[in-house]
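Single-structure report; data block below.
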Amino acid sequence: MHRYIKALKNYATFRGRATRTEYWEFTLFGYIFAFVSYIFIAIDSLALFGAILAFAYAVAMILPSLAVTVRRLHVIGRSGWWYLINFVPVIGGIWLLILFCQRSEVTANIYDTDTQAS
């Protein structure tokens, strides 16, 4: 849970790195929240509340999810622009998933915050 909150605190930070655990925990909590809001939508008396809740969460998480995704791509030595590969039909999403599952680079790369300061 603390990695999810860490990602939210860095909601507009596109520099630096996000570990696999941080990225996947952020994604997991997003799916859990979506599942709960869809349960509310399935209940007739709470459908409007669930729809508003799902929409508000989706809009609020656009920037944080983009930032944690870019930071995750930095860990494997890729630019944040690699996220656009997601828009290639069929293969793009699969390719991006494979990139997200890769191990982190243990050596410093051009996306580290320490090397950008100098």
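The values are calculated or read from the model by the stated rules, or taken from the named source; none is laboratory data. Computed from a prediction, not measured in an experiment: that's the story for all the values here. Neighbour counts run over all protein chains shown; Cβ positions are idealised from the backbone, glycine included.
Quick notes
Conditions (1) over 26 Å from residue 106 (Cα atoms); (2) aromatic (Phe, Trp, Tyr), marked per residue:
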| site | (1), (2) |
| --- | --- |
| 32 | yes, no |
| 45 | yes, no |
| 51 | yes, no |
| 55 | yes, yes |
| 62 | yes, no |
| 66 | no, no |
| 69 | no, no |
| 73 | no, no |
| 79 | no, no |
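- For the stretch 1-12, the set of residues classified as in a helix (DSSP H, G or I) and surrounded by fewer than 13 Cβ atoms within 10 Å (Cβ to Cβ) consists of 2, 5, 9, listed by residue number.
- Verdict on residue 27 being of a type in the set (S, T, N, Q), modelled with pLDDT under 90 and under 16 Å from residue 97 (Cα atoms): no
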